[in-house]
1. Scan segment 4-51 for residues that are open to solvent by less than 70 Å² (accessible area, probe 1.4 Å), closer than 20 Å to Leu69 by Cα and part of a helix (DSSP H, G or I) and jot them down.
2. Among the residues of segment 52-67, which ones are out of contact with any Leu (no Cβ under 9 Å at 6 or more places or on another chain), open to solvent by less than 90 Å² (accessible area, probe 1.4 Å) and of a type outside the set (Lys, Arg)?
3. Take the residues in segment 70-89 that are surrounded by 14 or more Cβ atoms within 10 Å (Cβ to Cβ) and farther than 21 Å from Ile19 by Cα, then tell me which one is modelled with the lowest pLDDT.
Amino acid sequence: MTDAERWEQVKDRITSQRISLGNFLSDVRVQWQPRTATLFFRVEKKFHKHQAEKDENKAIIEKAFFELLGERVKVIFKTEGEDLDLVEEKELL
């Protein structure tokens, strides 16, 4: 199973539990690392990111990962370009 297919399954599980949260995650890009999933939201989707970060929604997301992958996954929320901004700032110094 590819990372994209795995993420689609996780989103489907989340949507079945809370439709609005599934919608907030509809165009999120995921970066996988061992036991970590970083969810990248587009800059114009700050409201969606804020909603997904709420404790109860984060718990639903983490539970979906656990149910489908059989292991706990730490979920990190970021805005697209967040890391790039840090790099650009360091280059200016």
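The values are calculated or read from the model by the stated rules, or taken from the named source; none is laboratory data. None of the values given here were measured: they were computed from a predicted structure. Positions of Cβ are backbone-derived with ideal geometry, glycine not excepted, and every protein chain shown enters the neighbour counts. Keep in mind that these areas ignore ligands, DNA and RNA; they rest on the heavy atoms of the full protein, side chains included. Shrake-Rupley method; radii C 1.70, N 1.55, O 1.52, S 1.80 Å.
1. Scanning segment 4-51 gives Ala4, Arg6, Trp7, Val10, Lys11, Ile14, Thr15, Leu21, Gly22.
2. Of everything in segment 52-67, those that are out of contact with any Leu (no Cβ under 9 Å at 6 or more places or on another chain), open to solvent by less than 90 Å² (accessible area, probe 1.4 Å) and of a type outside the set (Lys, Arg) turn out to be Glu53, Ala59, Glu62, Ala64, Phe65, Phe66, Glu67.
3. So, considering only residues that are surrounded by 14 or more Cβ atoms within 10 Å (Cβ to Cβ) and farther than 21 Å from Ile19 by Cα, the one modelled with the lowest pLDDT is Glu80.
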